[in-house]
Structure formats: C-alpha cells, structure tokens
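To start, the structure itself, in structure tokens.
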Amino acid sequence: MDKKLPTEPYKGVRDFYPEDMAIQSYIFNTWKKTVETFGFERYDASILEPADLYKSKGAVNAEMVNDQTYTFIDRGEREVTLRPEMTPTVARMVAGKHRELSFPLRWYSIPNLFRYERAQRGRLREHWQLNCDIFGIEHYTADVEIIALAHQLLIDFGATPDMFEIQLNNRAEMSQIFAGLGITEPEVINEITRLNDRKKKITTEEYETALLSIVGDTALVNQIQEKLNCQNDTNEVLEGLKTLGINNVKIDRTIARGFDYYTGTIFEIVDTDPSNNRSMLGGGRYDNLLKMFKDESVTGIGFGMGDVTMRDFLETHNLLGAHITKTAPTLVIIPTDSDRNLDSQKIAHLFRQREVKVSVDLSNKKIGKKISDAVNRGATFALIVGPDELNSGNFTLKNLAFETEESGTIDTLLTYLISHTT
RNA sequence: GCGAUCAUCGUAUAACGGCUAAUACUCCGGUUUGUGGUACCGGUAAUCAGGGUUCGAUUCCCUGUGAUCGCCCCA
C-alpha cells in the first residue's frame, strides 16, 4: 500500500560498504603517509561555503560555477554552495590568518567535493580529493617540490614510472609564445587554449579547421602548431625534476587546465594505460588568489587528486589486492547459548582492556555455525564460553588459522593470545 | 545540457512472442540437541514503473526512471 523508498544512493554519489571502505581507507592512509613525509600539515573546513566565494570575478571557470555547483538558499536567505573544489576555501583560510601564519605553508586536506554533472567513468557528483598546496614560495623549486610529491604519491601506491606521465606547461610561457606570434587579445588566446585542451581528442584536420576559424590565417595556424609541437622545449621546473631523478615528465603545450586562477606552471598526470586514458591529477601555480580577500598577495602552488580516478588507476594497474585488509576482530567470543552472552561480554572487556579487538557472537546460531562465521569474518581466535567453562574456570582458545587449541584460565589465555599476535 | 547502449531473484548470467521464468554463488535451515571452512539435502527470493500492439509480452513499440559509456567540463 505505501510506496517503499529505493535503497539506491542519490544519483552520482556512492555508498561505502565495508569492502569499499577498506579500499577508500587504504587510499586515504597512503595519501596521508606520503604527504606527511613531505612535511605537510592537515587542515579541513565545512562543505558549505558562501556562493560568492566561487562567483567573484575570475575566481574559477564560469561554467563550473553556473552549471555544475549545488547552490541553494538557506533559511536566512543566504546563498550557499556545496564546495566544488578546495582551492578557494584554502585561499580564504590563508587570507583570514594572513598575518598570523608563518610562511611558507605546506598544507593538505582530503575534502569531499560536489559537482552537479553527469556521472561517468572517473566522474561522480561527490568525490574526495587530496589537495596539497605550498604557499609563500615564488622560487621554481616549490613547483618542483609539489610535482615531486605528486610523483611520489603514485610511487607509494606501488606504481612504476612507466604507468604514468607528468605533463607540464606554463601559462606565462604560453602568453609569451602567443605574443611572439602577434596574438595578444585575451579572448583569442582563451579560445585557442580551449581548443588545445581538446587537441588529443580530435583529428589533425578538425583541429586545423577549428584553429583557422579562430585566427583566420593559414600561415598563423602553421606557426602555432609548430610552437606547440616543439619537442625540445624545456624549463627550469622540468630540469629540476630531472635533477631529482624524475624522468617521466615532459612539456606539453596543449595542457590548459580549466581554472582561470592559474598564472604560471600548470601540470597534469595522466595514466599511460590506454584503457584508462585520463588525467588523474592536476594543478598549478596561482599568484592572485588571495586578492579576493586582501590587497596583499601570497603565491601558491598546489594540486588535487581524486579518489575515483585514483581507484581507477590502481584497478587498471592491479595495484590493489594484497593491500586491502578488512577490519576483522582478532578474537570472537562464542557463547554456547544466549544465557551466556553477558558472561561473554564481561570476558570480552578483559581482552579489550589489553587492546585486543574482540567481538562477541550474540546470535542464537548453533556453535558450529558461530565458529565458521568467525572464520569467514577473518578472526584469528575463537573462545567458547559455556556453563562448563564458567564453572571450572578452564577455557579453550581456538587458533582458527592453524586449527590448534590452547586451554587454561582467562588470564593465561589472554597472555597467550597477546604473545601470539603482533 | 546533448548523444549512444542497457535494465530478469541479494549478486552474476539464461529463457524463438507460448509449460510453474532456469542455473551458479550468497543467504537461511537440516544431515550433526556444546565445537571449523568441505560434502549432501531442502528453502527464501526476480522480469524497473506506466501505457500500447497481440489470443498471449521478460521478449516488440511509446513515455518515465535508473545505470553504463561518450560529448561538454573536469579529479
């Protein structure tokens, strides 16, 4: 009679059942570990931000703000947006304590971000993204450092350098290249940049036709292509990375990046496997982001890397598997019947005080079933608790992996268990 | 926002327009009233929603919903 609710999650977002959460935790933990070896500190903020943070001029690309954010009016008639990216938030936080913070900063966060878009491979409406930024260093070695971190992140998941490629570009250098060709109008540069971004997806003919319709001059079309194809291009960031032993990197003049706030280095890391031919990570340098909040400016460079694309990468290259561990209890206490549940819970407390992970099987299944359930859950030990054991004080601890048993008082078994777990 | 493909037990698959919609795994129970994953036996459980064509629709058509893949954009 009454209509039941669907059990599916909201469109484009995920439920994390324990087996998914195990993967998610592995990704987050690995991120955290690597990033902290680079001396980064963690911060976070609310998922809610005033809509103005994204709307103010030149903050981000207009399409994303207008068409791809979750924006609503709250009960106090404030316009609120679910954060679609973290950079404006961290810029706001840095600007807010500009005078108190001791630069340079190395900050990271793993926020969940929301974008209202059509879900597809590697793109969902909610994703988590590792965000790393260095604030307050103009020197190019900050660019090198942040890209070296991005590189190391993948290495620490077990990736080898042939599995991915770092693609570098520089907004300032692009402006110079265009200026050298006599192209100075920002509108035209913008159009060419957007076209370049799509270059790998379209044919050379399509590219040339589109480029011609922008610049209206065949000679110029050829000159632009020549500049873009220059394989020998290098810069100090590229050389710096090579000095650090990072060689799967190249200059790619078609790298564009969507956000308007980038002013210098921009980079992406792409999967070299053709079946997962996507950008997994992207970032760049921004000089003017704090100007929204203050007259003073602080330069920053950072990147974001998504959990969805990360998982796709790890699955594509078979880098998950052995790393994923379910959180199983070490010990399952098995009462022979429900009347022994409380006695069992009391015993469990003794083990928990010694930091043993214990669950008590409170079901009314038969003992054999409870034991096989414990095995299936991945427990290492099982302890049977029944009237005989409680009366005599003599218990049996089963080692489920080796199919051995140990008898004794709770105290001796506790000592035994602790000495047999690492 | 646009385009393509798809939608069957909890999961993965099967069924020419025609028998009670099948099989495997999972789950539950039993063989075994207090002790292990196996084996054997049994059980629960599905045609996304609404309309149309037809004697008859899981199958064909339309609409909606959802998913996947691509475009746009981006992690």
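So for the range A:355-375 (the condition being on the phi > 0 side of the Ramachandran plot, among the acidic types (Asp, Glu) and modelled with pLDDT of 90 or more), does at least one residue qualify?
Yes - at least one qualifying residue is present in the range A:355-375.
Could you tell me which residue of the range A:239-279 is surrounded by the most Cβ atoms within 10 Å (Cβ to Cβ), considering only residues that are within 11 Å of RNA strand B (Cβ to nearest atom) and basic (Lys, Arg)?
Looking at residues that are within 11 Å of RNA strand B (Cβ to nearest atom) and basic (Lys, Arg), I get A:ARG257.
How about the range A:351-399: which of its residues are in contact (Cβ under 8 Å) with a residue 24 or more places away in the chain, assigned to a strand (DSSP E or B) and either surrounded by fewer than 21 Cβ atoms within 10 Å (Cβ to Cβ) or near RNA strand B (Cβ under 8 Å from one of its atoms) (or both)?
Within the range A:351-399, A:SER359, A:ALA382, A:ILE384, A:VAL385, A:LYS398 qualify.
Mind listing just one residue for me: the one in the range A:6-64 that is within 16 Å of RNA strand B (Cβ to nearest atom) and on the phi > 0 side of the Ramachandran plot and, of those, modelled with the lowest pLDDT?
Among residues in the range A:6-64 that are within 16 Å of RNA strand B (Cβ to nearest atom) and on the phi > 0 side of the Ramachandran plot, the one modelled with the lowest pLDDT is A:GLY58.
Mind counting the residues in the range A:22-51 that are under 23 Å from A:LEU105 (Cβ atoms) and small (Gly, Ala, Ser)?
3
For the range A:107-145: of the residues being more than 28 Å from A:THR69 (Cα to Cα) and not in a loop (DSSP other than H, G, I, E, B), which is nearest to RNA strand B (Cβ to nearest atom)?
That would be A:ASP143.
Pick from the range A:400-413 the residues that are of a type in the set (S, T, N, Q) and at pLDDT 90 or above: which of them is nearest to RNA strand B (Cβ to nearest atom)?
My answer is A:SER407.
For the range A:305-318, what are the residues that are within 12 Å of RNA strand B (Cβ to nearest atom) and either farther than 21 Å from A:ASP20 by Cβ or free of Cβ contacts under 8 Å to residues at least 12 places away in the same chain (or both)?
Within the range A:305-318, A:GLU315 is the sole residue that qualifies.
For the range A:363-420, how many residues are β-branched (Val, Ile, Thr) and under 44 Å from the mean Cα position of the chain (by Cα)?
Looking only at that region, the number is 8.
Taking the range A:67-97 as the search range and keeping residues that are out of contact with any strand residue (DSSP E or B) (no Cβ under 9 Å at 6 or more places or on another chain) and at pLDDT 90 or above, which one is farthest from RNA strand B (Cβ to nearest atom)?
Residue satisfying both the conditions and the ranking: A:GLY76.
The values are calculated or read from the model by the stated rules, or taken from the named source; none is laboratory data. The structure displayed is predicted, hence computed values, not measured ones. So basically every Cβ, Gly included, is an ideal-geometry build from the backbone, and we count neighbours across all protein chains shown.
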